[in-house]
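The values are calculated or read from the model by the stated rules, or taken from the named source; none is laboratory data. This structure is a prediction, so every number in the text was calculated from the model and none was measured. Methodologically, a virtual Cβ is constructed for each residue, glycine included, from the backbone with ideal geometry; neighbour enumeration extends over all protein chains shown. These area figures cover heavy atoms from the full protein model, side chains too; ligands, DNA and RNA do not enter into them. Shrake-Rupley method; radii C 1.70, N 1.55, O 1.52, S 1.80 Å.
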2 protein chains.
Amino acid sequence: MINACPVFALLRSRYRTVAESSAGSQIAYSSYNLLKSNVPSVSVWNGCPSHRWQSSGGHGWQKYNNDGVSKLTFALAGLMAGTGAVLAYKLHHGKLERAASSGQLLETETSSLPIYTIEEVAKHCSLDSGVWVAYKGEVFDITEFVALHPGGDKILLAAGGSLEPYWGLYAVHQQDHILQILTEYKIGVLDKESYKKQESAHPSDPYFAEPTRHPALQINSQKPFNAEPPVSILTDSYITPSAVFFKRNHLPVPRVVSETYKLEIEGLPGGAVSLTLSELKSRFPKHTVTATLQCAGNRRSDMNKVKQVKGLNWGIAAIGNATWSGARLRDVLLYYGFGPDVAAKARHVQFEGLDRDVTGTSYGASIPLNKAVSEEGDVLLAYEMNGEELPADHGYPVRVVAPGIVGARNVKWLGRIVVSDEESKSHWQQNDYKGFSPGTDWDTVDFKSAPAIQELPIQSAITHPAEGMSVDSNAGEVTVKGYAWSGGGREVLRVDVSVDGGNTWHVAKLRTSDEHNPALPPSPGRAWAWKLWEIDIPLPDKAQELQIVCKAVDSSYNVQPESSAPIWNLRGVLSNAWHRVKVKVSEDHKDN
Amino acid sequence: MINACPVFALLRSRYRTVAESSAGSQIAYSSYNLLKSNVPSVSVWNGCPSHRWQSSGGHGWQKYNNDGVSKLTFALAGLMAGTGAVLAYKLHHGKLERAASSGQLLETETSSLPIYTIEEVAKHCSLDSGVWVAYKGEVFDITEFVALHPGGDKILLAAGGSLEPYWGLYAVHQQDHILQILTEYKIGVLDKESYKKQESAHPSDPYFAEPTRHPALQINSQKPFNAEPPVSILTDSYITPSAVFFKRNHLPVPRVVSETYKLEIEGLPGGAVSLTLSELKSRFPKHTVTATLQCAGNRRSDMNKVKQVKGLNWGIAAIGNATWSGARLRDVLLYYGFGPDVAAKARHVQFEGLDRDVTGTSYGASIPLNKAVSEEGDVLLAYEMNGEELPADHGYPVRVVAPGIVGARNVKWLGRIVVSDEESKSHWQQNDYKGFSPGTDWDTVDFKSAPAIQELPIQSAITHPAEGMSVDSNAGEVTVKGYAWSGGGREVLRVDVSVDGGNTWHVAKLRTSDEHNPALPPSPGRAWAWKLWEIDIPLPDKAQELQIVCKAVDSSYNVQPESSAPIWNLRGVLSNAWHRVKVKVSEDHKDN
């Protein structure tokens, strides 16, 4: 079913949609493609004739569900591409101020307002007819707001229906100032029967399948779940335990049943193929790679100190090091016909996750073809993490592990691989995870002007001592510890550490293993794993405070920049300035 | 002939030899291997029985010479390896001060000193017998100085003979303070007949074969020749004309006759092979690569402003971009038997130049095997530069072009390729061209602790306007131009330019060609050529001075460091901090 509503085309051309949610979660689309599905369409709660939703079938990921939830949320014709979307708060800042000054709140007296049925709401499903939505038993005419919606024309998906299923997906909407904006547009309330109907029609919480998480995790966003371990434990072991390995989910965790799981592969001469988990495991040799994954937004909090950016406020622990086992992507592609003919045309390997938003859009990303097929690229279709099957949060049953590449391309819950002449069209490849100049703001940004982040730059951070800790002056020295890593397989050669803010430097001892006899140095260009480092530095005479700083150097002799301001960018990615920690020196404290 | 002198072994173990010549030229060796030569040995001028020198034959590079010079300097049993060597001035600083305070100079009255024959001098050719040398008709007992010689035990090569042939090779010795050191050890003068004999035995200037150079070049060192073009012309064209492409020679330019040239290849299953220039050209497809070469010491002058380093004081123009044509190294190695068996053991490909020092030691370097044999490595055995045969200064007739790799590994006048499990043992691979922490000095440096530089980090510099230039305030804006490049095939994504010292940034326009229709973007990891950039920036209100700054970002999102101090290193390599140029703004000047 193609969405025929003319306002979609209009909006797409009128509003350049950029931005993101403050929780760092984005969904986006620009064109609608009909999922060729054999399952019957099931229309739900949205009364707008041009907005009839369908449940789509045919994917293993949807078959786990025996309680009927699959009929609901993860529905709608496959919205596969993405170019726009989400929040640019300044757009509605004026509206917000007016809303605040007018005192309008959800608690506003509503008894004087008209009562509508859900069918009446459903008639207002376009800019022509007016755009009405229902939320918690109240009715809003948001026609004027559509053009201001930071999420772009996506808001029209809810036109004539209920906001809950959308807002359930992104916790960002569950904030007072968002509710304040909405309340400005309130025009009435639902009649009791409609409210009941509406409530019962609500899809269940799309996050119903989230796994249990380790209580030590520091949560940056609950829905989608994003969390990092406490810094104090991050470098306790060379291999990061899976339970506390940072979680970076863009969407609800899909619950996938391994028996019905199928991995689809497209773009090779033999046409589309699909293989089961057991075929993946039995048909291809199992390779194990120790590789560090890092979120592009790791250390975003440092950038926020310069000027507020959009995104999850990660500390220094959105990075971890694990052993990953699985089939080599190269082996799989060769097996299914990859060869010079394909190489002559293709440039990218796209990945689609089984995690989808309410519109049916998968998480997606791509990596360059040469990385994917190189013998030395070590890209895995991993089904094990640290010797055990992948945890749900890390992509069970199969994920991409593209060592040296930004976490965002290491697609979890992998459902489809497409060998293509084009990059992934996903929002995350096209309009997110890119770097810009400090001078570029949300008014001037052109996402097409920058390539998608693939390899990450040199990085290091101090995990001990912690900011504000006191060190004992009687000890005569301070032990400093941390991690260092670089993208693209570039080995960390050296970590320089200073306790005087960078005036004098000491060279830390590097560690590449938990073993007493560390492994041989990696081959050039295949240093996928971090190095932990440690150094005892004499306390400067009479120092009362230490400004501890670290900076690393990789095998291309790239170095970290001194400060965050010159690398500041509106999305707060690639935050790799010298890491700084201030501690006090005192006679009383012995917590170093 | 193996050097049997026991002092060599002793000295090698006693003195860790580091450092370099102030002209940035180093020679070194640690073990002596006999060249398996069929030509008769010809002993020359050195009377020490354990130091008999041989001329070696079999190399095309030696056959050009019809005037007998080949019998002389470039002789001695092949000193192939290198771990030590050269100047650490502080070692003899005490001696120097004493020499100065005692007023001893070469002009010292000598009539009262004994007269020696060259034969008597020749008897003092070891630490046991005393180490005497002759220089300009005078005799010196330098036994005590041997241990202090910054060049290590190499000084013993001259024991019992004349210094001239050694000093002729490196202009560094032709300095007053070196002569002052020497004069402290004067013990007598040569008799007239010996002096004549000694003079006639002197080898000719090893730099006799130097080519004519372009007068525009700014010379950093005459012997060996090191020069860069004026900044004002560096980015006038995307392709740097060969004549003004920076010259970085470590040794005299060898004059090679193409008809007799042979390239030797070792370390492959079929045993050593040698091929002629015409075989190289006819047997392998000709490939052309546009690649930027940069000296590791480019922009060393910026580092010198922080604290003096050892090395040629390069400006920002020890970089250039050319088209290189030749056989792919990969093709040649595969042709001569490279395969999985070799790959299982070998790790490096070593290169030896035909440029040799007076001891017969070749310039040498190596690159990782995976770079050498990768289809995407694009390593050439180049015989053309910018569409013409290689100029003498750039390695005629054949040189290595290893794109993305520091200039020092792009060995010129290529004589031998060795596929090996070890890196080149040359001084330049082992004890030079490495990066260290700012905290590392010549007392603490351990060259084994750092890997040889291969890929270079992100770099950019401003070529217009020049430091101190005035820009016209009436113009309203200033045009800024420059170059940007990164090692390892990482593409330059962006150049940020500031006219207020880095407070605000503008994004420059990049240029990848001289053509109106620029080439397609390079494949990932194969961006070998620089980008030129340009931008017009509005003049800030009432600005009287501009602090113009540029910084580039590469495809791994690595950035240049803000300042030189934190990347300062004792050799002054890898100088890639933001480039800064101050200009005045005035109404009178219109030279922008």
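Among the residues of the range A:449-501 satisfying the criterion of being outside any loop (DSSP other than H, G, I, E, B), small (G, A, S) and surrounded by fewer than 20 Cβ atoms within 10 Å (Cβ to Cβ), which is farthest from the other protein chains (Cβ to nearest Cβ)? Full working, then the answer.
In the first step, residues of the range A:449-501 are kept if they are outside any loop (DSSP other than H, G, I, E, B); the result is A:449, A:452, A:455, A:459-464, A:470-475, A:477-485, A:492-498, A:500.
Going one step further and asking which of them are small (G, A, S), we end up with A:449, A:452, A:460-461, A:470, A:473, A:475, A:482, A:484, A:498.
Among the residues that remain, those that are also surrounded by fewer than 20 Cβ atoms within 10 Å (Cβ to Cβ) are: A:449, A:470, A:473, A:475.
On the way: A:S449: 8, A:S470: 26, A:S473: 23, A:A475: 21 Å.
That would be A:S470.
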Item checked: Matching entry among B:A346, B:A318, B:A327 (being among the small types (G, A, S), in contact (Cβ under 8 Å) with a residue 12 or more places away in the chain and under 11 Å from B:A372 (Cβ atoms)) -> B:A346
Check: Do we have B:G337 as in a loop (DSSP other than H, G, I, E, B), modelled with pLDDT of 95 or more and open to solvent by less than 50 Å² (accessible area, probe 1.4 Å) here?
Finding: yes
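Yes or no, residue by residue, for (1) part of a loop (DSSP other than H, G, I, E, B); (2) more than 10 Å from every other protein chain (Cβ to nearest Cβ):
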| position | (1), (2) |
| --- | --- |
| A:A543 | yes, yes |
| A:L546 | no, yes |
| A:V553 | no, no |
| A:Y557 | yes, no |
| A:E562 | yes, no |
| A:V573 | yes, no |
| A:N576 | yes, no |
| A:V583 | no, yes |
Item checked: Odd one out for A:E375 among (1) at pLDDT 95 or above; (2) assigned by the TED database to the domain that holds A:A243 -> (1)
Note to self: So, in the range B:530-541, exactly how many residues are open to solvent by 40 Å² or more (accessible area, probe 1.4 Å), more than 14 Å from every other protein chain (Cβ to nearest Cβ) and part of a strand (DSSP E or B)?
What the structure shows: 2
Next item on the list: Scan the range A:422-437 and give yes if some residue there is over 19 Å from the mean Cα position of the chain (by Cα) and either outside the structural domain of A:N370 (by the TED database) or on the phi > 0 side of the Ramachandran plot (or both), otherwise no.
Entry: yes
Checklist line | Which numbered condition B:R416 misses (of (1) farther than 22 Å from A:S556 by Cα; (2) not assigned by the TED database to the domain that holds B:K286) | finding: (2)
Checklist line | Residue that is most open to solvent (accessible area, probe 1.4 Å) [pool: residues in the range B:405-448 that are touching a His at 6+ places or on another chain (Cβ under 9 Å) and under 25 Å from A:S498 (Cα atoms)] | finding: B:G439
Next item on the list: Among the residues of the range A:113-143, count how many are open to solvent by 50 Å² or more (accessible area, probe 1.4 Å) and touching a Pro at 6+ places or on another chain (Cβ under 9 Å).
Entry: 1
Next item on the list: Could you please let me know if B:V553 is in contact with a Cys (Cβ under 7 Å, 6 or more places away or on another chain) and under 22 Å from B:G320 (Cα atoms)?
Entry: no
Notebook entry, point to check: Out of the residues in the range A:229-251 that are over 17 Å from A:G407 (Cα atoms) and hydroxyl-bearing (S, T, Y), which is most open to solvent (accessible area, probe 1.4 Å)?
Noted result: A:S232
Checklist line | Number of the condition not met by A:A527 [criteria: (1) within 11 Å of chain B (Cβ to nearest Cβ); (2) aliphatic (A, V, I, L, M); (3) open to solvent by less than 20 Å² (accessible area, probe 1.4 Å)] | finding: (1)
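Just to be sure before I move on: is B:G311 surrounded by 19 or more Cβ atoms within 10 Å (Cβ to Cβ), at pLDDT below 95, assigned to a loop (DSSP other than H, G, I, E, B) and small (G, A, S) in the structure I sent?
Yes: the conditions hold for B:G311.
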Margin query: If I ask for residues that are surrounded by fewer than 24 Cβ atoms within 10 Å (Cβ to Cβ) and part of a loop (DSSP other than H, G, I, E, B), which ones from the range A:506-523 would you list?
Written below: A:T512, A:S513, A:D514, A:E515, A:H516, A:N517, A:P518, A:A519, A:L520, A:P521, A:P522, A:S523
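State yes or no: is B:L493 among the aliphatic types (A, V, I, L, M) and out of contact with any Ser or Thr (no Cβ under 9 Å at 6 or more places or on another chain)?
No; evaluated as a whole, the condition is false for this residue.
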Notebook entry, point to check: Which of the residues that make up the range A:340-362 are open to solvent by less than 10 Å² (accessible area, probe 1.4 Å) and within 14 Å of chain B (Cβ to nearest Cβ)?
Noted result: A:A346, A:V349
Check: Which condition breaks for A:S278 when tested against (1) more than 30 Å from A:F208 (Cβ to Cβ); (2) out of contact with any Leu (no Cβ under 8 Å at 6 or more places or on another chain)?
Finding: (1)
